[in-house]
Amino acid sequence: MKKVITYGSFDLFHFGHQRLLERAKALGDYLIVGVTSDDYDRTRGKINASQSIAERIASVKATGLADEIIIEEYDGQKIDDIKRYNVDIFTVGDDWKGQFDYLDKYCKVIYLERTKGISSTEIRSENRNTNLGIIGDSIPFFKRILNEAKFVNGINITSIYCEKSTSLKQEKNLELKSYVNFEDLLKNVDSVYIKSSYQTRYKYIKGALQAKKHVLYESPACLDSKEFEELTSLAKANNCILMEAIRTAYSTAYKRLSLLAEIGKIGEILSIDTTCTNMKRNDPEVFASMYEWGPNALLPIFQILGVDYKKREIISRTSKEQDIFSRINFIYPHATASATVAEGAKSEGELIITGTKAYIYVPAPWWKTEYFELRYEDQTKNKRYYYQLEGEGIRYELVEFLQAIKDEKDNPRIEKQVSAEICKVMNAFKNREDLVEI
Ligand code: C2G
């Protein structure tokens, strides 16, 4: 019996895949199809898949061509599989020509002609796309988003609006239409990414929602939870997506450590300590540690311990309107938490989740989460986890924003009650509630 093996994502199954499998089957008597896992696709840079592995396996199964279906999970697995299943022929489309010649030590390698005129990327871009406008306050931010959007099928960035339009004039080669007023930009897009200054964010988010545009916004949306309620009601009334862009929430590593905490892997959680600092700025006029870092530092606390704390205390070193350093302490019924944020001071940017059996340690910069450890008293039991995070996570949040627009369903990564509580804490700081000056 001649055994053939082939591999793929098979996302949004189409006749190019069908023809590949038919010709692969015809090469032998028994066809094994390896379908890539979601994690494996992400590590190899395929972040746009619309379907889960279960759906993609079902598509391959429905063809009736596969005698066996396996899951591809890691680089090099093809060698293991060819040996394990005594494969005679490895085949794949000739878009991969030359990439798998190393397998000819183990079996015959055949590249089949790729079917022209169809691809999952094109299908995705047809049924999941948006004209995205960016509202920002700095050129570097525009450039970062533009670079990251290149990895996302279906995003078409055409327009920008810069509050300080003067800075825009310095940048001629952004190849984007820059608008001098926000309303004109809104006429030319169907979604916006808002990273204006925290003082004006609420105004732009509200304006975009009133114009029935989908909104991805840098957190906090506003400095008042009542205003936030108003924005969520407006988004609902206008069937718009309102999604928070705290990049950490879209990293695989952060999602996995949150699940480990939730399933009790470290026992009962007694405290969560987060620290976010950077010394980018050197002008006390513009320090805004709480508004710049607060949402990120508060995210794991509110997502893991919830928002029903009994007491909150804010300790700050302020300078005029802003804070160069702040610490927010929380007392929950059976736990405590502390978030330290600073733009005018330096500390170790780590996340530590303390449990009765073990603790989760995320090294600095914890907010670009790609590596964490489960640490036990008996260090031989320690576990290490690594999930690569490309481009600090912006591309993943753009993919999820697009998917939310297509599915007409808010993205569940950051619960609305978490976002509302973040705004509440920002408001408490602004009004100097429960605040101790140091
Ligand atoms: N294919 C094709 N014609 C197309 C599109 C895809 O022949 N128009 C082939 C690809 O060459 C591949 C298979 O269909 O052999 C699955 O395509 P994808 O789902 O895009 O998978 P890919 O990411 O190319 O995975 O390690 C090998 C990879 O796993 C192949």
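The values are calculated or read from the model by the stated rules, or taken from the named source; none is laboratory data. This one's a predicted model, so the numbers in the text were calculated from it and none came from an experiment. Here Cβ is always computed from backbone atoms with ideal geometry, including for glycine, and neighbour counts include all displayed protein chains. Side chains included, ligands, DNA and RNA excluded: accessible areas come from the protein's heavy atoms. Shrake-Rupley method; radii C 1.70, N 1.55, O 1.52, S 1.80 Å.
Close Cβ contacts (under 8 Å, 6 or more residues apart or on different chains) running from residues in the stretch 142-161 that are surrounded by fewer than 18 Cβ atoms within 10 Å (Cβ to Cβ) to residues that are hydroxyl-bearing (Ser, Thr, Tyr) comprise Asn156/Thr130.
Set side by side, the residues Ser59, Ser50 differ, and just one is at pLDDT below 95 and either more than 12 Å from the ligand (Cβ to nearest atom) or polar (S, T, N, Q) (or both), which is Ser50.
Among the conditions (1) touching a residue at least 60 places away in the same chain (Cβ under 8 Å); (2) farther than 19 Å from Thr252 by Cα; (3) of a type in the set (Asp, Glu), the only one that Glu377 does not satisfy is (1). Each residue in the stretch 100-147 was checked for being within 9 Å of the ligand (Cβ to nearest atom) and touching a helix residue (DSSP H, G or I) at 6+ places or on another chain (Cβ under 6 Å), and 6 pass.
Annotation: of all residues in the stretch 226-270 being open to solvent by less than 20 Å² (accessible area, probe 1.4 Å) and out of contact with any helix residue (DSSP H, G or I) (no Cβ under 8 Å at 6 or more places or on another chain), the one that is nearest to Arg144 (Cα to Cα) is Ala253. For the stretch 371-381, the condition of being crowded, with 19+ Cβ neighbours inside 10 Å and at pLDDT 95 or above holds for at least one residue. Applying the criterion of at least 2 residues that are without any contact (Cβ under 8 Å) to a residue 40 or more places away in the chain and either within 22 Å of the chain's Cα centre (by Cα) or farther than 30 Å from Asp407 by Cα (or both) to the strands (runs of 3 or more DSSP E) found wholly in the stretch 37-127 leaves 108-112.
When Trp367 is tested against (1) open to solvent by 80 Å² or more (accessible area, probe 1.4 Å); (2) part of a loop (DSSP other than H, G, I, E, B); (3) modelled with pLDDT of 95 or more, only condition (1) is not met. Candidates are the residues of the stretch 82-99 that are surrounded by fewer than 18 Cβ atoms within 10 Å (Cβ to Cβ) and farther than 20 Å from Glu22 by Cβ; the one that is nearest to the ligand (Cβ to nearest atom) is Gln99. From the list Glu350, Glu321, the one residue that fits, being in contact (Cβ under 8 Å) with a residue 40 or more places away in the chain and open to solvent by 20 Å² or more (accessible area, probe 1.4 Å), is Glu350. When the stretch 126-138 is examined, which residues are found to be open to solvent by 20 Å² or more (accessible area, probe 1.4 Å) and in contact with a strand residue (DSSP E or B) (Cβ under 9 Å, 6 or more places away or on another chain)? Of everything in the stretch 126-138, those that are open to solvent by 20 Å² or more (accessible area, probe 1.4 Å) and in contact with a strand residue (DSSP E or B) (Cβ under 9 Å, 6 or more places away or on another chain) turn out to be Asn129, Asn131, Asp137, Ser138.
Residues that are of a type in the set (D, E, K, R), within 11 Å of the ligand (Cβ to nearest atom) and either open to solvent by 10 Å² or more (accessible area, probe 1.4 Å) or part of a helix (DSSP H, G or I) (or both) within the stretch 1-36 comprise Arg19, Glu22, Arg23, listed in sequence order.
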